[in-house]
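A.B. asks: Take this structure, written in structure tokens, and hold onto it; I'll ask about it next.
Values in this text are rule-based calculations from the coordinates and carry no lab data. Since the structure is predicted, the reported quantities are computational estimates derived from the model, not experimental observations. Cβ placement follows ideal geometry from the backbone for every residue including glycine, while neighbour counts extend to all protein chains displayed.
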């Protein structure tokens, strides 16, 4: 059974902390993505990666960075957490570029910044 | 930037009825996908329809695509309580998907 695993379901962090959200996929997918989901705003793309050590900014990259040292792992980093980064974070992976393919999602991490 | 917009935002029906959700998008697409999200969970892929297809079926799901109107619809037939979830359309290009706000479907037993 294919799997995208996010390290935490729920996380509470303090303002100013550096926060790491980890995502691992076991499908040997090239593409990995980080989205945040907020009521009324849908899913918004933060960063994505088409290959190891490669990253591209999505629609809302400010305040975030990413790391992809290994093909299976894509980390989202909040450099200095702020309350407006309280959200549901969703990681996804997909097989290849080109025409666009099915994305597999992790279970989500609900982050609260206090 | 949001590409797809679902309509209605919320839909409540009785078990056994059909549910129809619509999606409109703004720019040319390679494909359009529909996903389901149960409360507080990640999204699950339901069906993908390519830009050269007009209709696709998968079990109780029927998806149509009208590229001239830049719209798609998802029909769930004979709905069940377990179909209660949010449904999102996503437009894809270059391996990247852009999602709408979703339609929240409630199926009452």
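A.B. asks: Which residue fluctuates the most in chain A, going by a Gaussian network model with Cα springs under 10 Å, if the choices are A:52, A:24, A:12?
C.D. replies: Maximum among the listed residues: A:12.
A.B. asks: Sort A:56, B:55 so that the residue with the fewest other Cβ atoms within 10 Å of its own Cβ comes first and the one with the most comes last.
C.D. replies: Numbers: A:56 14, B:55 10.
So the residues, fewest neighbours to most, are B:55, A:56.
A.B. asks: Springs between alpha-carbon atoms under 10 Å, Gaussian network over chain A: tell me which of A:26, A:38, A:59 tops the mean-square fluctuations.
C.D. replies: Sorting by GNM fluctuation, first place goes to A:59.
A.B. asks: When a footprinting reagent is the concern and you count Cβ atoms within 10 Å, what order do B:25, A:89 take, fewest first? Before the final figure, lay out the partial values.
C.D. replies: On the way: B:25 21, A:89 24.
Listed from fewest to most nearby Cβ atoms, that is B:25, A:89.
A.B. asks: Testing the spin-label approximation: label points 7 Å from Cα along Cα→Cβ at residue A:84 and residue A:18. State their distance in nm.
C.D. replies: 2.3 nm
A.B. asks: Turning to a different aspect of this structure: Rank B:80, B:36, B:60 by mean-square fluctuation in a GNM of chain B with C-alpha springs under 10 angstrom and give only the top-ranked residue.
C.D. replies: Taking springs between Cα atoms under 10 Å, the residue moving most is B:60.
A.B. asks: Which percentage, to the nearest 5, of the DSSP beta bridges contained in the protein assembly as shown is antiparallel? List each step's numbers first, then the result.
C.D. replies: Numbers: 76 of 85 bridges.
Counting DSSP beta bridges with both partners in the protein assembly as shown, the antiparallel share is about 90 percent.
A.B. asks: Still on this structure: Any idea how far the Cα center of region A:26-40 sits from the one of region B:33-109, in Å?
C.D. replies: 17 Å
A.B. asks: Looking only at other chains, what is the average number of their beta-carbon atoms within 10 angstrom of each beta-carbon in B:34-42? Provide the component values of the computation, followed by the final result.
C.D. replies: Numbers: counts 0, 5, 0, 6, 0, 0, 6, 7, 15.
The mean count of partner-chain Cβ atoms within 10 Å per residue comes to 4.
A.B. asks: Quote the relative contact order of chain B in percent (integer), defining contacts as alpha-carbon pairs under 8 Å separated by 6+ residues. Display every interim value, and only then the final one.
C.D. replies: Values: 277 pairs, mean separation 43.0, N = 109.
The normalised contact order for chain B reaches 39 percent.
A.B. asks: OK, next. In whole percent, what relative contact order does chain A give with Cα contacts below 8 Å and a gap of six or more residues? Write out the running numbers ahead of the final one.
C.D. replies: On the way: 300 pairs, mean separation 41.0, N = 114.
Taking the mean separation of contacting Cα pairs over the length of chain A, I get 36 percent.
A.B. asks: Continuing with this model, one more query. What's the exposure ranking of A:73, B:41, going from fewest to most Cβ atoms within 10 Å?
C.D. replies: Working: A:73 14, B:41 17.
Starting with the residue having the fewest Cβ neighbours, the order is A:73, B:41.
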